[in-house]
Amino acid sequence: MKIGLVTDCLSSQSFDELLDTCAKLGIEQIELGVGNWSSAPHVDLDELLNSEIKRDEMKGKLKDRGLSISAFNCSGNPLAPGTWGEREDCVTRKCFQLAEYFELDTIVMMSGLPGGGPEDRYPNWVVTSWPPETQNILDYQWNQVAIPYWKEITKVAGSHGVTKLALEPHGCQLVHDVENFYRLRDACGGDKTIGFNLDPSHLFWMGADPIAVARALGDSIYHVHVKDVRIEQPATLNTLLDGKPVLSFANRSWNFSIPGYGHDECWWREFIVTLKMMGYNGVLSIEHEDYTMDTLHALSKTVHLLQDSMV
């Protein structure tokens, strides 16, 4: 396995500064956000698509520092209603094109979430079976929007040499757990283009066991994010369903944290060993979103933990 980084956490640094930081920290691969929910601080998507010179320049800078790209990340909501979804779908397709130029076979993204019906303006996340209209919403979201879209977009990905779409389980997404992951893949004819980006943090706050998830997924794990969650005291009163902004960390029921500050190093060692047993030998891509800690200090601590825990 290699240690990687989702580069958005170093958005204040230029691309050259970012690469120097990674080399200094011992990070071997980078995961670049190209748009949608990422502000794409280190990628001008249209510029790279239109300029071979710019692409070669980026490749040269990576090579000079002994770094490589693990994946592009275009996480967004291409299933959102109206022009919103159309814009995010456009970025997704451009991301596939760029991946072909860089000979990348893996894209990190999310499944998306439609509205609750044809007239809705906003996505609608159903997490209970009551009231009864929730079943009508789910039928519309899956059968009229998500499945037709994913049947088509996997073919588009394949036409650009992208063979691994690593879907991240996340709140407010149709695919937020193992069951719904397999539901989508099976509905698309068992298309193995659709795989999993295993991010333990979201699974923690939604109540799943990431190690059990890894065992259930086996060779369907295409990418891994390294990020932890710490359950906070307000959860005893307010449950883990918390819509407060992430910067209100003192009052939230849970917060993102670096490994070791939510679950101890022993847990992370078991997680990494389990990944290895399942045949995963890819990147461990650090996604730093712990707002209680200085970014560079946090990255250094995380890299050291991963180096000590590597199989």
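Annotations
- Residue identified as farther than 21 Å from G171 by Cβ, of a type outside the set (G, A, S) and in contact with a strand residue (DSSP E or B) (Cβ under 6 Å, 6 or more places away or on another chain) among L284, L275, L299: L284
- Among the residues of the stretch 16-46, those identified as under 18 Å from C95 (Cβ atoms), of a type in the set (A, V, I, L, M, F, W, C) and out of contact with any helix residue (DSSP H, G or I) (no Cβ under 7 Å at 6 or more places or on another chain) are W37, A40, V43.
- When the stretch 6-63 is filtered for residues that are of a type in the set (D, E) and either in a helix (DSSP H, G or I) or more than 21 Å from the chain's Cα centre (by Cα) (or both), the ones remaining, listed by number, are D8, D16, E17, D20, D46, E47, E52, D56, E57.
- Of all residue pairs spaced 6 or more apart or on separate chains, those with beta-carbon atoms under 6 Å, a first member in the stretch 203-216 that is farther than 18 Å from V127 by Cα and a second member that is of a type in the set (V, I, T) are I211/T274; V213/V178; A214/T274; A216/V178.
- Within the stretch 119-142, being part of a loop (DSSP other than H, G, I, E, B) and aromatic (F, W, Y) holds for Y122, W125, W130.
- Matching entry among V156, V162, V175, V145 (being within 23 Å of A71 (Cα to Cα), open to solvent by less than 70 Å² (accessible area, probe 1.4 Å) and not in a loop (DSSP other than H, G, I, E, B)): V156
- Enumeration of residues in the stretch 101-117 that are of a type outside the set (G, A, S) and closer than 19 Å to G195 by Cα: E103, L104, D105, T106, I107, V108, M109, M110, L113
- Residue check for D228: open to solvent by 30 Å² or more (accessible area, probe 1.4 Å) and touching a Phe, Trp or Tyr at 6+ places or on another chain (Cβ under 9 Å): no
The values are calculated or read from the model by the stated rules, or taken from the named source; none is laboratory data. This is a predicted model, so every value here is computed, not measured. Glycine also receives a Cβ, built like all others from the backbone with ideal geometry; neighbour counts cover every protein chain displayed. Protein only, heavy atoms only, side chains kept; ligands, DNA and RNA dropped before computing areas. Shrake-Rupley method; radii C 1.70, N 1.55, O 1.52, S 1.80 Å.
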